[in-house]
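Structure first, commentary second.
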Amino acid sequence: MQPVTTRVTIFAKRKGVHLLLIIITVIWLFGIVLPVFLPGSSLILYVAKQVYAPVCHQQQGRCFEVHESYFLVCARCTGIYLGWFAGLTATFVPGITRINLRSKWLLLSGLPILIDVICYNTGLYPYQKSIAFLTGIVTGGIISVFFGLSLERTG
């Protein structure tokens, strides 16, 4: 068994890493909505758009719009990142590590997105930002809960 001081140090390091990931996620989320705060075109927006380009198609018709400014990622990606933030934040709360999640939920987390993509690609219904956003939240949230819990549980 480890001495108490070692366990406290490990706990503090894990919490520090966890908190750092939450802060990075908040910065990432702020970047997504940057055009709302910096309307028009600027070098900052151009660079920000290039940062998000590798992780999202950025089709304007699939991005949320606020005051004639479009988010830098589509509705689904916005949902994934917001879900990631919510799950990561939830697993930072003391006592949540007692939750016993089964790996099948991790495997099934992408199912809502897959079903949505199949449905609108086969013409069952037109693309809807709200559905894309919600399926993204579910997937991002489940994945980050698994990630956050594993971060809290590993030494």
Fewest-first ranking of THR78, THR139, THR25, using other Cβ atoms within 10 Å as the exposure measure: THR25, THR139, THR78
Could you tell me which of GLY110, TYR46, TYR70 has its Cα farthest along the dipole of the chain towards the positive end, charges placed at Cβ (Lys, Arg +1; Asp, Glu -1), taken about the Cα centre? GLY110
Summing -39500 (n - 2.57) over every DSSP H run of at least 4 in the chain, dividing by its residue total and rounding to the nearest 500, the 222 nm mean residue ellipticity is -21000 deg cm²/dmol
Give the angle, between 0 and 90 degrees and rounded to the nearest 10, that separates the Cα long axis of helix 4-32 from the longest principal axis of the Cα atoms of the chain. 10 degrees
Hey, how many Å between the Cα centroid of region 101-118 and the Cα centroid of region 23-44? 29 Å
Could you give the dipole magnitude of the chain about its Cα centre, charging the beta-carbon of Lys and Arg +1 and that of Asp and Glu -1, in debye to the nearest 20? 640 debye
So what is the relative contact order for the chain, in percent, with contacts set as C-alpha pairs under 8 Å and at least six apart? 30 percent
Among rounded, prolate and oblate, which fits region 4-153 when a ≥ b ≥ c are the square roots of the eigenvalues of its C-alpha gyration tensor, a/c under 1.5 means rounded, and a/b larger than b/c means prolate? oblate
Rounded to the nearest 0.05, what FRET efficiency is calculated for ILE115 and PHE92 with R0 set to 35 Å and r the Cβ-Cβ distance? 0.70
For the residue pair ILE24 and SER103, what label-to-label distance in nm results when each label sits 7 Å from Cα along the Cα-to-beta-carbon direction? 2.4 nm
Partnerless cysteines (no other Cys beta carbon under 4.7 Å) identified across the chain are CYS63, CYS74, CYS119
Would you mind telling me which residue in TYR127, TYR70, TYR81 has the biggest mean-square fluctuation in a Gaussian network model of the chain, where springs connect alpha carbons within a distance under 10 angstrom? TYR127
Taking the chain as a Gaussian network, where each spring joins two C-alpha atoms under 10 Å apart, which residue of PHE64, PHE37, PHE85 fluctuates the most? PHE37
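Readers should treat all values here as calculations from the given coordinates under stated rules, not as data from a laboratory. As the structure is a prediction and not an experimental result, all values here were calculated from the model. No Cβ is skipped: glycine too gets one built from the backbone with ideal geometry, and neighbour counts run over all protein chains shown.
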